[in-house]
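Undergrad: This is the structure I have questions about; it appears just below.
The values are calculated or read from the model by the stated rules, or taken from the named source; none is laboratory data. Keep in mind that this is a model prediction, so the values were computed, not measured. Positions of Cβ are generated from backbone atoms using ideal geometry, with glycine treated the same way; all protein chains shown enter the neighbour counts. In case anyone asks, the SASA skips ligands and DNA or RNA and just uses the protein heavy atoms, side chains included. Shrake-Rupley method; radii C 1.70, N 1.55, O 1.52, S 1.80 Å.
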Amino acid sequence: MSAIEQPIRDLAGLLAELSYREGEFTLASGKTSDFYVDVRQTVMKPAGALLIGRLIWQRLEAAGINSVGGMAVGAVPLVTSVLCAAASANRAEAIDGFFVRKTAKDHGTARRIDGRFDASARIALVEDVVTTGASTLDAIDAVEEAGGRVKLVISVVDREESEGIGRLSDRVERAEALITRTMILEAHRRIGA
């Protein structure tokens, strides 16, 4: 097993244990689903934050990305975990983070993009779960309106039930997910959750 395969298996296991739920759920897209993956339940645990941060950071560093952001609120802990992973690899100076609000603040700086945003940077966006890709497309629009260009999108989970990753790939150089629904279901069966 390669070095990357075991961490991915570990993440699939954590997501199956901590984030995967069956039932009836309404998604952000308005669709209903018989399962839900709440990545926050995993990224808000130390082991999950560490693993997700390292896996995303490896991909960002390999792609030469020096700025990472995403749509608030879901991407904020992901961005934070990536920044911590970069710092723990003694590469803190290599990347900055930001987040995109749904609407601009009506006070303070009145910005829609907050944090350390530089439009000239090599920018990546992170997302917890991609179904249709709508929230990430909105974040891409905000970055472009601010003069930036998104090179890469990384989602923790692809629900594999719509063209979300494909829609994102149409707007950026590359879009990918660390984990798919299939991988979570396999881990769910393996651990007997």
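Undergrad: If the convex hull of the alpha-carbon atoms of segment 90-149 is projected onto planes in all directions, what is the mean projected area in square nanometres?
TA: The directionally averaged projection comes out at 5.1 nm².
Undergrad: Can you tell me what percent of all Cα-Cα pairs in segment 1-64 are more than 17 Å apart?
TA: Looking at segment 1-64, the distances longer than 17 Å represent 50 percent of pairs.
Undergrad: At 0.36 nm per residue, and after removing the present C-alpha to C-alpha distance, how many nm does the segment from residue 138 to residue 29 gain when stretched out fully?
TA: Working it through step by step, the gained length comes to 38.0 nm.
Undergrad: On to the next question. With θ set to phi - 60° and the Karplus curve 6.51 cos²θ - 1.76 cosθ + 1.60, what are the ³J(HN,Hα) couplings of segment 138-149 in order, to the nearest whole Hz, using x for Gly and Pro?
TA: Listing the rounded values in order: 5, 5, 4, 4, 5, 5, 5, 4, 8, x, x, 9 Hz.
Undergrad: Could I ask something else about it? Roughly to the nearest percent, how much of the accessible area of segment 1-70 is carbon and sulfur, given a 1.4 Å probe?
TA: 51
Undergrad: Given that compact globular proteins tend to follow 2.2 N^0.38 Å, what is the ratio of the alpha-carbon Rg of segment 146-192 to that value?
TA: 1.43
Undergrad: Work through the residues other than residue 92 whose Cβ is under 13 Å from its Cβ and net out their charges, Lys, Arg +1 and Asp, Glu -1.
TA: My count for the surroundings of residue 92 gives -1.
Undergrad: How high is the relative contact order of segment 117-193, given as a whole-number percent (alpha carbon pairs under 8 Å, six or more residues apart)?
TA: It comes to 31 percent, rounded to a whole number.
Undergrad: Which cross-chain or sequence-distant (5 or more) residues have an amide H under 5 Å from the amide H of residue 96, H modelled 1.01 Å from N in plane?
TA: Amide H to amide H, under 5 Å and 5 or more residues apart or across chains, residue 96 pairs with 67, 68.
Undergrad: Per-residue HN-Hα couplings for segment 156-173, Karplus 6.51 cos²θ - 1.76 cosθ + 1.60 at θ = phi - 60°, whole Hz, x for Gly and Pro?
TA: Per residue, the Karplus-derived 3J(HN,Hα) values read 5, 10, 10, 5, 6, 10, 8, 8, x, 4, x, 4, 5, 4, 5, 9, 10, 5 Hz.
Undergrad: Treating each Cα of the chain as an identical point scatterer and ignoring solvent, apply the Debye formula and state log10 I(q)/I(0) at q = 0.09, 0.15 Å⁻¹.
TA: Those come out to -0.31, -0.87, one per q.
Undergrad: Given H placed on each backbone N at 1.01 Å, which residues far from residue 175 in sequence or on other chains put an amide H within less than 5 Å of it?
TA: Close amide H contacts, sequence-distant or interchain: 153.
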